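Take a look at the structure set out below.
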Amino acid sequence: MASNALSRLANLHRHFHITKNSTKGGSGNENQNVGTIKISQDVTTALANGKAVVALESTIISHGMPYPQNLETAKEVEAIVREKGAVPATIAILEGIPCIGLSGEELERLAKLGTSARKISRRDIAHVVATRGSGGTTVSTTMIFASMVGISIFVTGGIGGVHKHGESTMDISSDLTELGRTPITVVSAGVKSILDIPRTLEYLETQGVSVVAYGTDDFPAFFSEKSGCKAPCQLDTPEECARLIEVNRKLDLKSGILIAIPIPKEHSVSGNIIESAIQTALREASDKGITGSAETPYLLSRVNELTGGASLESIQEWDQDLDWQMGALHIVMFLSLDNLFYLLT
C-alpha cells in the first residue's frame, strides 16, 4: 500500500507541476501562458484521489461529424463514461491552451468550429499552441497529453496504421510511433481495413508495442470482428489486462499498450455490410488511381454512399454504446491504485 501512496503522490506532483500558471496580472507578457495545460476540476479531483479517468480524443468532434451531431455524440459518450463510474477527459487545444477535460461550453465551441479547427498531431502541437490556435487532438496527441498528467487509459474507435502501399509511400500514422514511446494503454476496435493490417502489426512490433486482442486471437478490423491476422497475444478478463498495464508501468518500459476489442455480435451483420462496401471502395480507388492523402476521404465518402449512410449511423450507435470499444471501461475500473494493489497482491 505504501508503494501505491508514493505513486499517487508522484503523479499528483507531476500533475500540479505541469498545470502551474505563473501569469501575473498586468504584466503584459504575451508569452506567459504558452505551454500551460488546463485540467478540469473533475479530472483534477479524480487524479488526486486515484480514481478511474478515461481519455477521449476530439478529432471525432471537429472532423468526424457535422454540428450538432458531433456535439450530441460527444456528450453521450462522456455521459456513458460517467455512468460506468469513471471520469471522462476529452482532450483538445483551445486558443493555444491544451485542455484535459472539456466543459459543456468548450465542447460546443469545438463542435461549432468543426473542420475550421486544426487536426492536431504531435508535429502540430507546438505551432498550434504558439499561435494560440484551436483544434481537435488525434490519437497520438491525445496520448501525449493524457500521459503527461498521469491518465492511464485512452478509449477510441480505431487507431491509424500503415496505409495500403505504405512500403513505397511511407504513409504511416504517427499513432504507431506514439504508441512506441508514450506509456499509455489505448483501447480501440483495432484498425480499419482500409489500412494494411499485417504491416501495421509488424510496425507496432518494431516499435515495441504490446498488442492484445481481447477475448480472441484474431486481431479485429473495426467494422469486422476478424482481420485474418493473428494477434500477438490474447487476454480474456479485465484482471488480466490490468495486470499487464501495471507490469508495463512498474518495469518503466516507456512504451504503450494497444488492447483491441472486437465489435459485439449484435453489430456484426451491419459491420459486415460496411466491410463489404469498404472492399468495393478500395477496388474502385485503385482502378481510378486515387492514392495518398486523397484516398481516405474518397473511401469514407464512397462507403457512406454505398451503404446509404449506414456507416455513419453505425459509428454513432457504437460510439454511444461503447460496449464495442471495451470491456475497456471495466478495465478502467481496475486502474484505481488501491484496486490494482488489491488485484496484484
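The values are calculated or read from the model by the stated rules, or taken from the named source; none is laboratory data. What you are looking at is a predicted structure, and each value in this text was computed from that prediction instead of being measured. Note that each Cβ is placed from the backbone with ideal geometry, even for glycine, and that neighbours are counted across all protein chains shown.
As an exercise: evaluate Lys84 against (1) in contact (Cβ under 8 Å) with a residue 60 or more places away in the chain; (2) more than 23 Å from Ser152 (Cβ to Cβ); (3) among the basic types (Lys, Arg) and give the number of the one condition it does not meet.
If we test Lys84 against (1) in contact (Cβ under 8 Å) with a residue 60 or more places away in the chain; (2) more than 23 Å from Ser152 (Cβ to Cβ); (3) among the basic types (Lys, Arg), just (2) comes out false.
Could you check the range 264-333 for helices (runs of 4 or more DSSP H) lying wholly inside it with 2 or more residues that are modelled with pLDDT of 75 or more, of a type outside the set (Lys, Arg) and crowded, with 16+ Cβ neighbours inside 10 Å?
Result: 268-288, 295-306.
Which of the helices (runs of 4 or more DSSP H) contained wholly in the range 93-211 include at least 1 residues that are free of Cβ contacts under 8 Å to residues at least 60 places away in the same chain, hydroxyl-bearing (Ser, Thr, Tyr) and surrounded by 20 or more Cβ atoms within 10 Å (Cβ to Cβ)? Please lay out each step first, then the result.
Details: elements: 104-113, 125-130, 139-148, 166-169, 174-181, 197-206.
The helices (runs of 4 or more DSSP H) meeting that bar are 139-148, 197-206.
Got at least one residue in the range 220-238 being assigned to a helix (DSSP H, G or I) and crowded, with 20+ Cβ neighbours inside 10 Å?
Just the residues of the range 220-238 that are assigned to a helix (DSSP H, G or I), to begin with: 238.
If we keep only those that are crowded, with 20+ Cβ neighbours inside 10 Å as well, we get 238.
The answer is yes, given that some residue of the range 220-238 is assigned to a helix (DSSP H, G or I) and crowded, with 20+ Cβ neighbours inside 10 Å.
Filtering the range 74-92 down to residues that are crowded, with 20+ Cβ neighbours inside 10 Å and β-branched (Val, Ile, Thr), which residue is nearest to Lys51 (Cα to Cα)?
Step one: of the range 74-92, the residues crowded, with 20+ Cβ neighbours inside 10 Å are 74, 77-78, 81, 86-92.
Remaining after also requiring β-branched (Val, Ile, Thr): 77, 81, 87, 90-91.
Values: Val77: 19, Val81: 13, Val87: 8, Thr90: 16, Ile91: 18 Å.
The selected residue is Val87.
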